[in-house]
Amino acid sequence: MIDDPLFLALAVPAVLIVGISKGGFGGGLGGVSVPLMALAVPPTLAVAVLAPILCVMDLLSIAAWRGQWDRAILRILVPAAVVGVLLGAATFSYFNDDQIRLIIGIIAAGFGLNHLLGGRLRRRRDGEGTPGRAPLSGAFWGTLGGFTSFVAHAGGPPVNVYLLARCLPRAVYQSTTVIYYVVLNYTKLVPYTLIGQFTPEVLWTAAALVPLAPVGIFLGVWMHRRMNDLWFYRVAHLFMLLTGLKLIGDGLHLWP
């Protein structure tokens, strides 16, 4: 397994952060995990190590949020996610990490900042309904999320652009993201295997880190259930903004 002390020091908080994010905040902060681990190892190696850990987290998330998802939205997002993964696999060699980080960072930061500053989308209390399913918008953001998730496990910001605009009850929002990520992450296992991402070093490292998965999920669920709706959506949008700024900085090499 990878035994570099710097990598392990970064990988432990990275796994916990993505677990908290997936367990309670729709995956909004999960996009920082690869950049964080990539401070010590190549980004492609960080992506490969996280892939099986994310799959374990997805199963734990289903147990925590089962049965509350929006089926109409999932009928839009799930096929789009698969298409996005296939596009990512087909074009993997044509994009570098910096280009992907910059594109997704601009999307995430722009949308998160718009909401935090009281932008055009209305705030609604839990259970007041949604402003429509917007199938074309869902297909676009779901596909983009599948693509960026394949390349850098950064599928959260694009799909959150769509889901947060639907003003769903927060439990429905969280549960819907869980199913989306289940399909997304398990679909990615096939092309990752075919292109040789899962070396023995990767698998042993993932196995050593996977006990952190239930800890992160538990913390995320605990935090979600103790926040009111206003603060939940503020935190979700703040996560998007922070993720976006981090990815922009990485793409432009603004810091060492």
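The values are calculated or read from the model by the stated rules, or taken from the named source; none is laboratory data. What you are looking at is a predicted structure, and each value in this text was computed from that prediction instead of being measured. When we count neighbours, we look across all protein chains shown, and the Cβ atoms used for this are built from the backbone with ideal geometry, even at glycine.
The helices (runs of 4 or more DSSP H) falling completely within the range 194-256 that include 1 or more residues that are over 30 Å from PRO5 (Cα atoms) map to 212-224, 229-252. Within the range 74-85, can one find any residue that is surrounded by 19 or more Cβ atoms within 10 Å (Cβ to Cβ) and modelled with pLDDT under 90? No, the range 74-85 contains no residue that is surrounded by 19 or more Cβ atoms within 10 Å (Cβ to Cβ) and modelled with pLDDT under 90. It is to be established whether one or more residues within the range 90-98 are crowded, with 16+ Cβ neighbours inside 10 Å and either in contact with a His (Cβ under 8 Å, 6 or more places away or on another chain) or aliphatic (A, V, I, L, M) (or both). No.
Filtering LEU59, LEU6, LEU10, LEU16 for residues that are assigned to a helix (DSSP H, G or I) and either out of contact with any Leu (no Cβ under 9 Å at 6 or more places or on another chain) or without any contact (Cβ under 8 Å) to a residue 24 or more places away in the chain (or both) leaves a single hit, LEU59.
On the given criteria, is ILE104 in a helix (DSSP H, G or I) and at pLDDT below 90? Answer is yes for this residue. Restricting attention to the range 62-73, the residues that are outside any helix (DSSP H, G or I) and either free of Cβ contacts under 8 Å to residues at least 12 places away in the same chain or surrounded by fewer than 19 Cβ atoms within 10 Å (Cβ to Cβ) (or both) add up to 3.
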